[in-house]
Amino acid sequence: MGKKIVLIVLLCSCAIPVSAHLTGAFADFLAIVYDDSTISQLHGELDETKREIEALTPKVQQAEAAFRTDQQQAIEQLQFYSEVGLDTWLAMIHSGSDVVDLLGSKWVMEQQIHDYLQELDVLYRTYAQLKASQEALQGHADLLVAIEKNVKARQVFLDETAGLELEVIANYLDIDWTAEVEEHIIDDLQADAKLVNEELLDWENNYMLHESWLNDRSNARYYFRSDHVYIEYELEYAHVLLLGQVLQNEDGTAASLVIEAGFYNGFFLPEELLVELPSFTVHYDTLRTLSGMHEPFITQRNGSLQLQSK
């Protein structure tokens, strides 16, 4: 096909610069893939992330336990008001209590219910914030593992082709991509794009597309992060990592996952290969059929894409 994955600076043991569009938390690991310290740096960051997760875990468990306990107490109290409140109200009416007493009793009851629910809301928000932090750290750790696979695959390839001329190595990369990877990844990414569009109206549930939902149905693995979307694609002898962002198109009618960079077994994918890779597009006309979605837009979050309306 004449598309060579020629990465002279990599094969000559030089660090390549981060390209203008390659940004985010993992840019250094992905762009400087021939630095011998990359793997140790990855391990260092992964270890630090695991320590943060371990330190956060008991706090999450304590917050969840406090929320669950108060939740049960609130449920029991509300059931009590539901079962006893009406009987008490009727008894006061039959006993001839005046309107002021009745309204006063009703206000006290409502205030107590409000206080219970407010306290429960505070506990839930604390728990939810800690849980979200824990999940973000775990997503960070999982992505570091994916990056490590990609970097290690590069070293395996270089070991297998040691001593060969640069042009021969480049030809091998080109042949392997064309013969073993290209058709499979295009077909699978097209299937993902079709899947996302078919399920758009199911966003009505919580206005989110969770990475776990997509990963359960895809042959790729998606990592939705607040800065980028990463796609990991694995075959027996190939590890592909793509980076992109969900961006609104120029006329404001849709948002698409725009793939900005890619790595095949640790080597940069050239632009002519990237443009052949399909990705999903979310059309706003479809989203406007959802309740409250008058001017929809999509934001990236750790673990999900969030549908919102202006």
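General remarks:
- Stretch gain in nm, segment E119-Q155, where the contour uses 0.36 nm per residue and the Cα spacing is subtracted: 7.5 nm
- Extension gain (nm, one decimal) between R51 and E272, 0.36 nm per residue minus Cα-Cα: 75.5 nm
- Extending 7 Å from Cα along the Cβ direction at Q248 and again at Q72 yields two label points whose distance is 4.7 nm.
- Using θ = phi - 60° in the Karplus curve 6.51 cos²θ - 1.76 cosθ + 1.60, the 3J(HN,Hα) couplings for region 289-298 round to 6, 7, 4, x, 9, 7, 10, x, 8, 10 Hz; x is entered for Gly and Pro.
- Relative packing of peptides 241-247, 122-128 - highest average C-beta neighbours within 10 Å first: 241-247, 122-128
- Placed amide H near E260: partners under 5 Å, 5+ positions off or other chain: L243, G244, Q245
- Loop GluC sites (Glu not before Pro), region 162-206, which have at most 15 other Cβ atoms in a 10 Å radius of their Cβ (DSSP): E165, E199
- Whole-number accessible area per residue in Å² for region 146-295, which is evaluated in the context of all protein chains at 1.4 Å: 47
- Structural descriptor for region 166-309: relative contact order 25 percent, calculated from alpha carbon pairs under 8 angstrom and at least 6 residues apart.
- Given R0 = 35 Å, the distance between the Cβ atoms of I175 and R217 translates into a calculated FRET efficiency of 0.65.
- Spin-label model, Q190/D142: points 7 Å from Cα along the beta carbon direction are separated by 2.8 nm.
The values are calculated or read from the model by the stated rules, or taken from the named source; none is laboratory data. Only a predicted model underlies this, so the values are computations on that prediction, with no experimental measurement involved. Virtual Cβ from ideal backbone geometry, glycine too; neighbours counted across all protein chains shown. Calculation scope for accessible area: heavy atoms of the full protein, side chains included, ligands and nucleic acids excluded. Shrake-Rupley method; radii C 1.70, N 1.55, O 1.52, S 1.80 Å.
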